[in-house]
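Reviewing the structure listed below.
The values are calculated or read from the model by the stated rules, or taken from the named source; none is laboratory data. Just so it is clear, the model here is predicted, and its values are computed rather than measured. Heads up, the Cβs are rebuilt from the backbone with ideal geometry, glycines too, and the neighbour counts pull from every protein chain shown. To get the accessible areas, we keep the full protein, side chains included, count just its heavy atoms, and leave off ligands, DNA and RNA. Shrake-Rupley method; radii C 1.70, N 1.55, O 1.52, S 1.80 Å.
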Amino acid sequence: MRSSNFDGKKFHNENDFEMMVKVPKGAETGVISEKGTVPEDEIPVAAPDFSADSSGDAFFTWFGHSSLLIQIDKKNILFDPVFSKRTSPVSFAGPKRFSKIPCSVEDLPEIDILVVSHDHYDHLDKSTIKKLDSKVKKYIVPLGVEKWLLKFGVDGEKIQNMAWWEETSLDGITIGCVPSKHFSGRMLIDNFSTLWASWVIVAGETKIFECADSGFDSHFEKIHEKYGDFDMAFMEGAQYDLRWPSVHMTPEQSFDAARTLGAKIVFPIHWGAFRLANHPWDDSVVRIVKKAEEDSANVRIITPLIGQTVPLSKIEDYQTRWYENVK
């Protein structure tokens, strides 16, 4: 059996996991931002630049939430693209995007690899996949998620599924499927029926970690034991709540996870687009920046604009805290 965390019917996490827990009324949330759950002002958005030569550098473009393009060694690797106005099974209800989408699907370059971390609607969007498919050469997904792509009309020959700790390669770039602490499901009856994962990219001397959705746990130590320190870590640290502590990390946990991974630079994701929890819209990034400033570890937090194409070689230029000027 390829997956040790599959019992024949459902996948499970390595350690104890509860989707929901009871919390005392009025319990401390740790929130420090004074803003609302969605911004009053319009969030500034940049126009992406996909034209750079990635043969000697890496480039990152964040589209809000967890949608991310990594351009490295002349390859375009796209994670969890959601270009719809809502993250929902229907187009007329569900969490509505509160920031502008910085470009259209048509504006994206050809995609060498499209990675899906798990099958939740805010990471796997049917409409976006159908619009993108003609641009995509290959899909990489955790075990079971391929069934959704097939239903969306994707050619099965283009899909590779992976279990935790498996690796694949493309022209010298290694992509590793590694554990996360989360769950799956697109319907009330299919929770845990497909696998969820985080991802590692190794291209030459450059190592990148893409966290996807995860609670805090010992898997970060195991990932570091296998791969060593990371040059860049895209860390989720938003959509948290005391009621689901196993499902998502607090910003402080996200920082601790990045430090455990030996990450030199942290790019916070899973915020800036959809309200999926009741904390202020910028609380996650305010808190992780504060944690980094107070910590003795030399971990830098970058906060580019949504849509801004960021070169790894000039990463220090992207520490402007633009969200501070948005109500």
_Within region 120-129, does at least one residue satisfy the condition of being on the phi > 0 side of the Ramachandran plot and either of a type outside the set (Lys, Arg) or out of contact with any helix residue (DSSP H, G or I) (no Cβ under 7 Å at 6 or more places or on another chain) (or both)?_
no
_With the requirement that a residue be under 19 Å from the mean Cα position of the chain (by Cα) and aliphatic (A, V, I, L, M), what does region 151-188 give you?_
162, 163, 175, 178
*Determine whether residue 109 is in a loop (DSSP other than H, G, I, E, B), touching a helix residue (DSSP H, G or I) at 6+ places or on another chain (Cβ under 7 Å), open to solvent by less than 40 Å² (accessible area, probe 1.4 Å) and closer than 20 Å to residue 308 by Cα.*
no
*Among the residues of region 239-253, is there at least one that is in a strand (DSSP E or B) and either among the aliphatic types (A, V, I, L, M) or at pLDDT 95 or above (or both)?*
no
*Neighbours by Cβ (under 7 Å, 6+ apart or cross-chain): first from region 130-148, within 18 Å of residue 199 (Cβ to Cβ); second crowded, with 22+ Cβ neighbours inside 10 Å and among the polar types (S, T, N, Q)*: 142/194; 143/194; 144/194; 145/194
